[in-house]
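Here's the structure we're looking at; comments come further down.
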Amino acid sequence: MSASELRVFIADDEAPARARLKELLADVRSEIATSVAGEAANGLEVIERLPASGAQVLLLDIQMPGMAGIEVARHLGRLEHAPAIVFVTAHDRHAVEAFELNALDYLMKPVRAARLAAALKKAQAAGPVPRARLEDAARLSNAGARDFFSVTERHRIALVPVGEVLYLKAELKYVTLRTRAGEHLIEEPLVEIEREFAERFVRVHRNCLVARAAIRGFERIAGGAEEEPHWNVVLDGIAERLPVSRRQWPAVKSVLPEAKP
């Protein structure tokens, strides 16, 4: 491999499709030199393998088991050096979503050598993808709520299933994500998380969202000489109690109809 070769990562759940893309890369080598940086058969493998591969371009199938390509692209946007993404799809309706995620290009199956070469040349000319641009595009995508939160740790991405999150608390520029197993820090605006997962989380305080399914009850805390009584929310699986603000109490108590003010 020479320094001028474009490093390409291939992600498709069908082995023949991956083999076909490798054949096409060889066919267009006279137009643009490439090397295969890695392969993956599903979305979770992409998240696991790509960050350390040094790939500059990702040929990404949209419909894959475990995690769809659209969500994979959203998580990869957290990387400091995200690859250019070229979606490969058999369904034209996905093209709009692809460009909302700032994909560099998209290829319709069956992929043609000329179109692949054009997409790779575009990637080579564009250079590295700014992280902020991918993150902004991900927030604008209408691809639906994610199944995972992504935690960037050096040169890898750790995935936390949304269903395991008990609460999220904003602290300065970070959000603490709490599960029964521990805590993680993510860099996402709490208001954007609330908008994306409105049916799953409820705001209990200006800086805190709680999983509706994790709420087991409320504790009334008597006020002191100069304090009014307030409520804490009791969560399943952890001893920590979270205060509910007076402003949010009417909405929060409706999660458990038996709660009384």
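Taken together, the values in this text are just the output of simple stated rules run on the coordinates, not laboratory data. Since the structure is predicted, the reported quantities are computational estimates derived from the model, not experimental observations. Cβ sites come from the backbone with ideal geometry, for glycine too, and all protein chains shown count toward neighbours.
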Starting from 0.36 nm per residue, how many nanometres of slack lie between residue 158 and residue 240 once their C-alpha separation is accounted for? 27.1 nm
Search the structure for amide H atoms under 5 Å from the amide H of residue 7, placed 1.01 Å from N in the peptide plane, and list their residues when 5 or more places away or on another chain. 35, 56, 57
Tell me the label-point distance for the pair residue 195, residue 115, using the 7 Å Cα-to-Cβ offset, in nm and rounded to one decimal. 3.2 nm
